[in-house]
Amino acid sequence: MEPNLLLTPGPTPIPPQVTHAMSAGMIGHRSSDFTSLMEDVQSNIRTLFGTDHSVAILTSSGTSALEASMINLIEPEDAIVIIVSGAFGDRFRSIAKTYPYEVHTYEVPWGEGLDIEDFKAFLTGKADIKAVFSQACETSTAVVHPINELGQLVKSYSPDTLFVVDGVSAVGGMQFDMEADAIDCLVTGSQKALMLPPGLAFVAMNETARTRAANNPLSRFYLDINKYFDALEAHSTPFTPAVSLIQGLAQVLSLYKAEGVEKVFERHLSMRNMLRAGLEALDLELFVDDAYASPTVTAFRSDEAELAHIKDALKKKHGITIAGGQKHLKGQILRIGHMGYMFPKDMLTVLAALEAILSDYRNQQYYGKALAAAQEAYYE
């Protein structure tokens, strides 16, 4: 039987080597074996975050990393800015409103990238902003924001204003340099470009953010990031970790190292370019302009009936799972993930399936069009 192909923007496929590593057998989380495992992980994971500092690993979902970044860095009554350009920016806002913060929201139309000049005018009109929160990639719309420019803008507003970035659908699929991008805190989860099951969350902080977290009087317990960084001094964790997932993580990092991290990022860009070219050849409208197109997820739109047919036919006839839109974009777009354990051949597979589906549905000949466009994009 032909295996199914999972092309959602999370969870994503797991490499067989990683599955094997996770089933190798349990080790004690207070043993020397686990200490060695954590030491190995820390020596390799920093490259994906673009940092020289340790990366805290939590046993929880990516949302917990978003919340941890906020409650550790922001004190009661502090003023913060949340950039909302989709469902996950809206989640950041929802988290913020749970706590006693002064929350300012900068709205970006869903499917569009952030306009630096417009945001500059917005930010300079606000006094004493302690932090700006943004997504690197807004998973719900397939938009990548200009993170480097945004980071420089935040620091030009005030060197003391923190720049916090949600990298849940970006870390491992696009390059980061926390110092060059002026990122004080970068977070992600395990189930996307890191090629693992859900269950791990990651928080990277520079010294400025670490100092802010250490002095924050806001009460927290499990999500007190200081506990995690303190435990890392002994290559450990403050609470019982998901040992098997961390065993898998060590294998993920080994695979990335073997391929070459730069090659990994290039592969993600190639898949994006192939998919976008193929979708356009099928007369499907891309949801995001080229300048803001994500290397890890692509969204396209058509009429609601055609989108429903595409999604259903891909699943039932071809064994390919993709994702629909979220919130008000439900029924308006479809999203194809291309991150982690995915390769150019997978883009050819889904495009060939789309050729067949649309040729039949529209009674129009599409065979070979998307594949030719994708191959041209790849070899260019």
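The values are calculated or read from the model by the stated rules, or taken from the named source; none is laboratory data. Predicted model, so just to flag it, every value in this text is computed and none were measured. No Cβ is skipped: glycine too gets one built from the backbone with ideal geometry, and neighbour counts run over all protein chains shown. Keep in mind that these areas ignore ligands, DNA and RNA; they rest on the heavy atoms of the full protein, side chains included. Shrake-Rupley method; radii C 1.70, N 1.55, O 1.52, S 1.80 Å.
Before moving on, here are some points about what is shown:
- A single entry from Glu117, Glu112 fulfils the requirement of being of a type in the set (D, E, K, R), under 25 Å from Val288 (Cα atoms), modelled with pLDDT of 95 or more and not in a helix (DSSP H, G or I): Glu112.
- Residue satisfying all of: in the range 90-102; in contact (Cβ under 8 Å) with a residue 60 or more places away in the chain and either over 24 Å from Thr141 (Cβ atoms) or in contact with an Asp or Glu (Cβ under 7 Å, 6 or more places away or on another chain) (or both); most open to solvent (accessible area, probe 1.4 Å) among these: Tyr99
- In the range 221-234, residue nearest to Thr98 (Cα to Cα) [restricted to those that are more than 25 Å from the chain's Cα centre (by Cα) and either surrounded by fewer than 16 Cβ atoms within 10 Å (Cβ to Cβ) or at pLDDT below 95 (or both)]: Phe221
- For the condition touching a Lys or Arg at 6+ places or on another chain (Cβ under 7 Å), within 30 Å of His53 (Cα to Cα) and either open to solvent by 50 Å² or more (accessible area, probe 1.4 Å) or of a type in the set (A, V, I, L, M) (or both), Ala293 qualifies.
- Being at pLDDT 95 or above, outside any helix (DSSP H, G or I), out of contact with any Cys (no Cβ under 8 Å at 6 or more places or on another chain) and open to solvent by 20 Å² or more (accessible area, probe 1.4 Å) is a description that applies to Tyr341.
- Selection status of Tyr361, in contact with an Asp or Glu (Cβ under 7 Å, 6 or more places away or on another chain), assigned to a loop (DSSP other than H, G, I, E, B), surrounded by fewer than 18 Cβ atoms within 10 Å (Cβ to Cβ) and not hydrophobic (A, V, I, L, M, F, W, C): no
- Qualifying residue in the range 357-370 (condition: in contact with a Phe, Trp or Tyr (Cβ under 6 Å, 6 or more places away or on another chain) and not hydrophobic (A, V, I, L, M, F, W, C)): yes
- Single unsatisfied condition, Ala258 versus (1) in contact with a Pro (Cβ under 9 Å, 6 or more places away or on another chain); (2) closer than 29 Å to Val41 by Cβ: (1)
- Selection status of Leu253, buried (at least 20 other Cβ atoms within 10 Å of the Cβ) and either under 25 Å from Thr35 (Cβ atoms) or at pLDDT below 95 (or both): yes
- Within the range 132-165, the set of residues being more than 29 Å from Leu329 (Cα to Cα) and either open to solvent by 10 Å² or more (accessible area, probe 1.4 Å) or hydrophobic (A, V, I, L, M, F, W, C) (or both) comprises Gln152, Leu153, Val154, Lys155, Ser156, Tyr157, Ser158, Pro159, Asp160, Leu162.
- Exclusive hit being closer than 29 Å to Pro9 by Cα, within 13 Å of the chain's Cα centre (by Cα) and among the aliphatic types (A, V, I, L, M), set Val168, Val132: Val168
- Asn216 being in contact (Cβ under 8 Å) with a residue 12 or more places away in the chain, in a helix (DSSP H, G or I) and not β-branched (Val, Ile, Thr): no
- Residue check, Leu66 part of a loop (DSSP other than H, G, I, E, B), of a type in the set (A, V, I, L, M) and within 20 Å of the chain's Cα centre (by Cα): no
- Scope the range 166-213; condition among the small types (Gly, Ala, Ser) and either in a helix (DSSP H, G or I) or surrounded by fewer than 24 Cβ atoms within 10 Å (Cβ to Cβ) (or both); matching residues: Ala180, Ala182, Gly199, Ala209, Ala213
- Conditions (1) of a type outside the set (D, E, K, R); (2) touching a His at 6+ places or on another chain (Cβ under 8 Å); (3) open to solvent by 30 Å² or more (accessible area, probe 1.4 Å): number failed by Ala79: (3)
- Scanning the range 46-57 finds one or more residues that are within 20 Å of Leu186 (Cβ to Cβ), open to solvent by 50 Å² or more (accessible area, probe 1.4 Å), part of a loop (DSSP other than H, G, I, E, B) and not aliphatic (A, V, I, L, M).
- Qualifying residue in the range 6-13 (condition: among the hydrophobic types (A, V, I, L, M, F, W, C) and touching a Pro at 6+ places or on another chain (Cβ under 9 Å)): yes
- The listed residues are Asp230, Asp312, Asp283, and the only one of them that is part of a helix (DSSP H, G or I), of a type in the set (D, E, K, R) and more than 24 Å from Gly189 (Cβ to Cβ) turns out to be Asp312.
- Residue count for the range 1-23 under the criterion of being at pLDDT 95 or above, assigned to a loop (DSSP other than H, G, I, E, B) and open to solvent by 70 Å² or more (accessible area, probe 1.4 Å): the result is 1.
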